[in-house]
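Below is one structure, written out as structure tokens; the observations come after it.
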Amino acid sequence: MLNYALNLDTEYRVDFVFIEHSSDGVTWTNAFGPSIGLSGSTGGWLLSGAFGGNANLGDLNGLATAQVRFRFETDLSITLDGVHVDDVAITVPNTTIGAHSVNDYVFLNGTSMATPHVAGVAALVWSADPGLTSLQLKTRLMNNGDPIAALVGKTVSGKRLNAQMAMPLHAATALTAAVVSFSQVDLSWVDNSVSETSYLVQRDSCAGFTTIATLAADSSAYSDAAAPAGTNLVYQIVAQARDGRATASATTNAMKPAAPVVVAGGGGCMLNPQTGFDPMLPTLLLIAFSILYLRRRKA
Ligand SMILES: [Ca+2]
């Protein structure tokens, strides 16, 4: 689409401005149709899309390069103010919704514009969480928005609507605890929510669950390097939402083995017949001789 503004003052139906486009700069095509040009006066006004509106450049869709020109044609018989061109812009409609152009959309504000957005998110959340009452749904939307300082005192919540944070909170599933060593247990799980703000890793080592780590949204693994050894360990993962909702996964168990005993300074001794002098041998010989001597005295 070619947008432009014209201040036109030409001899009516004799001197014309033609708006033309070309893919090669050689062959030009009239944007309004064969021989259709702009002629006459705008009364001294610079008008956007004067006479016939903005020019459709749909013929240029998909081309890597293209050219657009304003061509003035006159018979040189009468001299007037001529043509002033301003605000020239080429805009590309969103081709994914091909039937529409950028000119089909405008910016508006106010509660009448906010209402359809809120209604749309309400429908989205309700479709995902159909058990909510209308009041619960309203509370869900109100409590999960983004706090915006500029909205404080202007809206009831002081927040901006946030569809993602209002969606249902699903518990993590498939929690596993793999004992990697006497000093580490590796946890992994499946992240099922879009609305969690954090995950709590909780461990019960015979004294109730305590939180051992707080992880970012979308986390799905954690290594526990501080669990007591030789104790039955129970783990669970708790998803937390912005408005205080929380839901825990199923639990899983692990038994971390005790650490190997390391004794300092050796300890104990042993006889090794393959090495040097053994102090036990003369002792045994002395005992043997003593027994023989005693036996001879008795005899
Ligand atoms: Ca997630």
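Derivation of every value follows stated rules applied to the coordinates shown; laboratory data play no part. Given the structure is predicted, the values throughout are model-derived calculations rather than measurements. Here the Cβ is made from the backbone with ideal geometry for all residues, glycine too, and neighbour counts use every protein chain on show.
Can you give the relative contact order of the range 111-166 as a percent, counting alpha carbon pairs under 8 Å and 6+ residues apart?
32
I'd like to know how the range 101-250 sits against the 2.2 N^0.38 Å rule of thumb: what's its Cα Rg over that expected value?
In units of the 2.2 N^0.38 Å rule of thumb, it is 1.38.
Taking the Cα atoms of the range 2-98 alone, what are Rg (to one decimal) and Dmax (as a whole number) in Å?
14.2, 49
Which value, in debye to the nearest 20, describes the size of the charge dipole of the range 2-98 about its Cα centre when Lys and Arg Cβ atoms bear +1, Asp and Glu Cβ atoms bear -1, and nothing else is charged?
The calculated dipole for the range 2-98 is roughly 240 debye.
How much of the calculated P(r) for the range 173-255 lies past 15 Å, in percent of all Cα pairs?
The proportion of pairs with Cα distances above 15 Å equals 52 percent.
Using only the Cα atoms of the range 111-166, each taken as one equal point scatterer with no solvent, compute I(q) by the Debye sum, divide by I(0), and report log10 of the ratio at q = 0.18, 0.23 Å⁻¹.
Once normalised to I(0) and log-transformed, intensities are -0.58, -0.90.
Expressed as a rounded percentage, what relative contact order does the range 2-98 have, with Cα pairs under 8 Å and six or more residues apart?
Computed value for the range 2-98: 46 percent relative contact order.
Two decimals, Cα atoms only, Kirkwood Rh: what is Rg/Rh over the range 1-53?
Result for the range 1-53 is an Rg/Rh of 0.99.
For residue 159, give me every one of the aspartates and glutamates with a C-alpha distance below 17 angstrom, ignoring sequence neighbours fewer than eight places off in its own chain.
146, 243
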